[in-house]
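Here the structure is laid out as structure tokens; the discussion comes afterwards.
The values are calculated or read from the model by the stated rules, or taken from the named source; none is laboratory data. Remember, predicted model here, so these are calculated numbers, not experimental data. Backbone-built Cβ (ideal geometry, glycine too); neighbour counts: all protein chains shown. Note: accessible area is taken over every heavy atom of the protein model, side chains too, but ligands, DNA and RNA are not part of it. Shrake-Rupley method; radii C 1.70, N 1.55, O 1.52, S 1.80 Å.
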Amino acid sequence: MEILKISSRQREQIIDITPQIQQYIAKNGYSSGILTVFSPHTTAGITVNENADPDVKKDIIAFLNKKIPQDFGFAHIEGNSDAHIKASLMNFSYNFIVENGQVLLGTWQGIFFMEFDGPRNRTVWLKYISV
Amino acid sequence: MEILKISSRQREQIIDITPQIQQYIAKNGYSSGILTVFSPHTTAGITVNENADPDVKKDIIAFLNKKIPQDFGFAHIEGNSDAHIKASLMNFSYNFIVENGQVLLGTWQGIFFMEFDGPRNRTVWLKYISV
Amino acid sequence: MEILKISSRQREQIIDITPQIQQYIAKNGYSSGILTVFSPHTTAGITVNENADPDVKKDIIAFLNKKIPQDFGFAHIEGNSDAHIKASLMNFSYNFIVENGQVLLGTWQGIFFMEFDGPRNRTVWLKYISV
């Protein structure tokens, strides 16, 4: 298993982790299999989305904050239930197909770490299984 | 890896891809393992849901359109940020258990391609790992 | 494949299935691989979230019920379209990394069965693939 280190700098932040993930596959010479990407947190998840226009990231964050406001009236005393819900709506684990030494992604896709309760030091876990 | 081809005919459309997936497992004689199903798009995802009453599909689409309207006031100039968000809320990858030469699904389950910015020609990627 | 049995006692209920899953890995002596956890239902899913303060679970259920009410005006005659949507927003399958004979989870994480149309007798399917 590999552990990526991530430092978020805002409460909500979408961080592109595609380069670190591709590097992990390349440096290990993995060729054909499945990669599991896992967020070991409860207020930060993983998703895939467009990596071209940065407005897409802004729209995702703005939409989630509008619909799941921190001051919704939650019971949890830490005041971050919105972040727990946002992370579950995204996802905590994702599987990617590895072929020819790289994670296969669509033309516009990037792999995103979704911070909903930063800034914090975070990790993402990677595990590869060969065919 | 196998590539399924899909042609959507509406902006939002739920397309049952269970038969093609079962066929892929059967024709390759796969018996026991894990199948990863991956959408290489940013405005179309994958989910599982009820394959019996077509009203369930209609209700899912209607609900998502009501809560995530295309004219929400998004910044992304292409005007399809709603589709990016809907796809992330569903999912871009799914894992299924394969036993006895078929993908194991619950009685009412089907595997659905979730188009949110059609009509378009799309693909779905399949990768099988044996135990 | 292993089948866990679950009995929910409320319409919406978050049930911690972490102990049964850890037991499954331990009793089989699995050491390093990937575990797929799959919900074979259409109105109950799987997610990961905080296992410490029970208010987090209450906040998740209350939020989903507020935003996706059963009386939204759905077409599906069984009257449980809200449950179908909630399950798709969570997830039906999850992948976990197994190392040193256990499922690796973050400090605060638990694996939750998400019942949205109980009370019912349910199952969760587990499949392990070794590296």
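The set of residues in the stretch C:111-125 being buried (at least 21 other Cβ atoms within 10 Å of the Cβ) and either over 15 Å from C:Val48 (Cβ atoms) or of a type outside the set (A, V, I, L, M) (or both) consists of C:Phe112, C:Phe113, C:Glu115, C:Phe116, C:Asp117, C:Arg122.
Does B:Leu64 satisfy the criteria of being closer than 23 Å to B:Asn28 by Cβ, of a type in the set (A, V, I, L, M) and either outside any strand (DSSP E or B) or open to solvent by 10 Å² or more (accessible area, probe 1.4 Å) (or both)? So B:Leu64 fails the test.
The residue of the stretch B:28-58 that is farthest from the other protein chains (Cβ to nearest Cβ), among those that are open to solvent by 10 Å² or more (accessible area, probe 1.4 Å) and assigned to a helix (DSSP H, G or I), is B:Asn28. The conditions of being away from chain B (no Cβ under 14 Å) and at pLDDT 95 or above are met by A:His84. Filtered by the rule that a residue be out of contact with any Gly (no Cβ under 8 Å at 6 or more places or on another chain), within 25 Å of A:Gln109 (Cβ to Cβ) and of a type in the set (Lys, Arg), the stretch B:58-94 gives a lone residue, B:Lys67. Number of residues in the stretch A:100-126 that are at the interface with chain B (Cβ under 8 Å from one of its Cβ atoms) and either part of a strand (DSSP E or B) or within 13 Å of the chain's Cα centre (by Cα) (or both): the value is 1.
When C:Ile129, C:Ile97 are checked against the criterion of being in contact with a Gly (Cβ under 6 Å, 6 or more places away or on another chain), within 21 Å of B:Ile97 (Cβ to Cβ) and not in a loop (DSSP other than H, G, I, E, B), a single residue qualifies: C:Ile129.
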